[in-house]
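Report on one structure; see the data block that follows.
The values are calculated or read from the model by the stated rules, or taken from the named source; none is laboratory data. Computed from a prediction, not measured in an experiment: that's the story for all the values here. Note that each Cβ is placed from the backbone with ideal geometry, even for glycine, and that neighbours are counted across all protein chains shown. Only protein heavy atoms, including side chains, enter the accessible area calculation; ligands, DNA and RNA are left aside. Shrake-Rupley method; radii C 1.70, N 1.55, O 1.52, S 1.80 Å.
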Amino acid sequence: MALTVAVQMDPIQSIRIAGDTTFGLMLEAQRRGHTLYTYTPDRLSLQGRLVTAHASPVTVQDVEGAHATLGPRERIDLGQVDVVLMRQDPPFDMAYVTATHMLEKISSRTLVVNDPTEVRNAPEKLFVLDFPDLMPPTLISRDRAEIEAFRAEHGTIAMKPLHGHGGAAVFRVSEEDPNFGSMFDLFAATFREQWVVQRFLEKISEGDKRIILVEGEPMGAINRVPAKGDIRSNMVRGGAAGASDLTERELEICARIGPELRRRGLILVGIDVIDGHLTEINVTSPTGVRTIQRLGGPDLTGPIWDAIETRLAARRLTPQT
């Protein structure tokens, strides 16, 4: 079944293909005979219920620096393509939210992955709060008195912006840290939204596990260990990734959240687990698929496309309203 697939992403010419999950998905789509288009979110337009994008047909190859060949840009009706992959990187700001509203207009005709309504309704650091017993103690607030009371109860805490990404602006603050006041002022001046405040997990030094779930089922994982002198395990912040199996606790976490992911149409999800505690559920543009394969794990792009094609076939049997 050959499909037409439009990929909403950051500029394809500038990606680093060795670790780029979106690129891996495009390679597998092309291998299956699907036609690919790519466009950036600023090329998305809405007029009435017509959603269009100025997109370029693209062919891809797994060769760094020569990985994409683009054709002339065309104005395409996204309501007429089979699949849209919403894969631009965060931040999850109003531009991102607006894109979900626009793609929602076509979601009854075109399969958008992940479902744009549920992406908007499931910010990674808020959706996870639906499972408080799986998490470390967590506070969402920008009220100084609340944060100070939480710090007094739990001791050392981690603070990060609610809609941050890539490990940016993540701080460890001890109960007696004299920098807390300055840090509070910095956050208050920089971030308008509430912040995430969590009991600090000391075993972050042993790694932050990224687990990829496809249709709610765990398919592979990597363990990301922070660089010396840092608490952030994100590979863009110097973290080192290693192959990893899943513990019984991690399988329990996946079993708990899997049905809800399937119900919401969140086909591809990456969760973060530290010392048996669920910390984030990443639904916007989950990464890790190419890294899992590079470290000797399975190629998950096949199961992801199997899931997409199965969803699409089921939709065609049940016409959307």
### Message
Suppose we keep only residues that are touching a residue at least 60 places away in the same chain (Cβ under 8 Å) and either closer than 16 Å to residue 4 by Cα or open to solvent by 70 Å² or more (accessible area, probe 1.4 Å) (or both) within the range 24-63. Which one would you say is nearest to the chain's Cα centre (by Cα)?
### Response
25
### Summary
Exactly one of 192, 224, 290, 263 is free of Cβ contacts under 8 Å to residues at least 24 places away in the same chain, open to solvent by 10 Å² or more (accessible area, probe 1.4 Å) and in contact with a helix residue (DSSP H, G or I) (Cβ under 7 Å, 6 or more places away or on another chain), and that residue is 224
### Within the range 137-183, strands (runs of 3 or more DSSP E) holding 1 or more residues that are charged (D, E, K, R) and outside the structural domain of residue 283 (by the TED database)
157-161, 171-173
### Task
Among what's in the range 172-189 and is under 26 Å from the mean Cα position of the chain (by Cα) and surrounded by fewer than 17 Cβ atoms within 10 Å (Cβ to Cβ), pick the residue that is modelled with the lowest pLDDT.
188
### Query
Checking residue 6 against (1) assigned to a helix (DSSP H, G or I); (2) open to solvent by less than 10 Å² (accessible area, probe 1.4 Å), which single condition isn't satisfied?
(1)
### Filter result (within 19 Å of residue 132 (Cβ to Cβ) and open to solvent by less than 10 Å² (accessible area, probe 1.4 Å)) within the range 197-210
197
### Task
Determine whether residue 58 is at pLDDT 95 or above and over 23 Å from residue 282 (Cβ atoms).
yes
### Query
Before we move on, is residue 279 part of a strand (DSSP E or B), over 26 Å from residue 1 (Cβ atoms) and of a type in the set (Ser, Thr, Tyr)?
yes
